[in-house]
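Following: one structure in structure tokens, then a few remarks.
The values are calculated or read from the model by the stated rules, or taken from the named source; none is laboratory data. Quick caveat: nothing in here was measured; it's all calculated off a predicted structure. Cβ placement follows ideal geometry from the backbone for every residue including glycine, while neighbour counts extend to all protein chains displayed. Note: areas computed on protein heavy atoms with side chains; ligands, DNA, RNA excluded. Shrake-Rupley method; radii C 1.70, N 1.55, O 1.52, S 1.80 Å.
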Amino acid sequence: MTQLRSDLILTARGLRKTYGQFVALNDVNFDLRGGEKHALIGPNGAGKSTFISCVAGQLPGVEGAVLFRGRDIGSLRPHQLAHRGIGRTFQISRTFLQMTVLENMTAAYVIAADSWTSLRRRVLARQQDKAANMLRIIGLSQRAHERVLDLPLGERKRLEFGMALAGDPDLLLLDEPTAGMSIKERHHLMDFVAERIDATGKTLLFVEHDIDVVLKIASRVTVMVRGGILVEGTPAEIAANKEVQAVYLGEAH
Ligand SMILES: Nc1ncnc2c1ncn2[C@@H]1O[C@H](COP(=O)(O)OP(=O)(O)OP(=O)(O)O)[C@@H](O)[C@H]1O
Ligand SMILES: [Mg+2]
């Protein structure tokens, strides 16, 4: 087995993913330390979601290795990864829109339990209690019996974050949790996420386009461009990096 530094929770080595002739990830090496709030940034199409999906076991045909706590997880399916302690949300919402907030959260606990016995009435009641408790933590108790469809986007995203916490993951992968939100909502959600991550000692890898949010929340930042990693560093290093500035100025034009 590859020797790893003990503070590394996740390691990717030589990750490569192609779609026909197109190289979406090109030999990506990446280290994530336990307790980090690590932002993955870069222009549209850089490969950020592809990378997250590789780590989360959601893409076939990936070359290279992904180690979680030193163990190769490359061949594991998403639900197996959830049991090892990796949770994720998606760039596009995956809640059940016609169901209530409490039903969605309960479903997340049932799925996390990964057992049909969890559908028996007594067990289900316990999952519902856990769900109600999580709604309190994320401040959505008032909304418990409303349909997700009727929630403002900020609250829907907070619900998704809570649902990702249902399996009590050590590592959370959030792909653009603030997509479509106002500036105020973005800061509000990500302040909340950062506070929960710090309070529970979890590790966060998140994709975010709002640089202000990234520089405020992240403890480390990795910049991806065209399927590869351009640079990694502290928020201050990334903000001062000329290559990064050139990429973002180029994108703005
Ligand atoms: N299923 C697919 N088939 C073909 N090409 C794909 C597929 N999925 C992704 N790609 C391509 O791979 C590249 C990387 O996509 P990816 O979604 O990882 O980018 P991203 O960095 O998350 O971008 P965004 O900021 O827009 O979400 C893009 O050029 C995209 O068009
Ligand atoms: Mg993406």
## Note on the structure
In deg cm²/dmol, rounded to the nearest 500, the helical mean residue ellipticity at 222 nm of the chain, built from -39500 (n - 2.57) for every DSSP H run of length 4 or more, is -12000 deg cm²/dmol
### Task
With springs connecting C-alpha atoms under 10 Å apart, model the chain as a Gaussian network and identify which of Phe206, Phe161, Phe22 has the largest mean-square fluctuation.
Phe22
### Summary
When the charge dipole of the chain is computed with +1 on Lys and Arg Cβ and -1 on Asp and Glu Cβ about the Cα centre, the Cα farthest towards its positive end, among Pro78, Ala246, Leu171, belongs to Pro78
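Quick one: accessible area per residue over the chain, 1.4 Å probe, rounded to a whole number of Å²?
Numbers: 12700 Å² over 253 residues.
Accessible surface, normalised per residue, equals 50 Å².
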### Query
Can you give the Kirkwood hydrodynamic radius for segment 138-253, in Å, rounded to one decimal and based on Cα pairs?
15.6 Å
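Using a 1.4 Å probe over the heavy atoms of the protein chains, calculate the carbon and sulfur portion of the accessible area of segment 149-240 as a whole percent. All intermediate terms of the calculation are to be shown ahead of the outcome.
On the way: 1800 of 3510 Å².
On segment 149-240, the fraction of accessible area on carbon and sulfur atoms equals 51 percent.
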### Task
Add +1 for every Lys or Arg and -1 for every Asp or Glu among the other residues with Cβ under 14 Å from the Cβ of Leu15, and state the total.
0
### Message
Springs between alpha-carbon pairs under 10 angstrom, Gaussian network model over the chain: which of Ile41, Ile138, Ile86 fluctuates most?
### Response
Ile138
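With a ≥ b ≥ c the root eigenvalues of the C-alpha gyration tensor of segment 95-168, is it rounded (a/c under 1.5), prolate (a/b larger than b/c) or oblate?
Values: a/c = 1.84, a/b = 1.71, b/c = 1.08.
It comes out prolate by the Cα gyration axes.
Once the mean 1/r over all distinct Cα pairs of the chain is inverted, what Kirkwood radius in angstroms do you read off?
Values: mean 1/r = 0.0529 Å⁻¹.
Kirkwood hydrodynamic radius for the chain: 18.9 Å.
Can you tell me what percent of all Cα-Cα pairs in segment 56-108 are more than 13 Å apart?
Details: 925 of 1378 pairs.
More than 13 Å apart: 67 percent of the Cα pairs in segment 56-108.
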### Across Lys37/Lys216; Lys130/Lys184; Lys17/Lys48; Lys130/Lys202; Lys157/Lys216, pairs whose alpha-carbon gap is larger than 21 Å
Lys130/Lys184
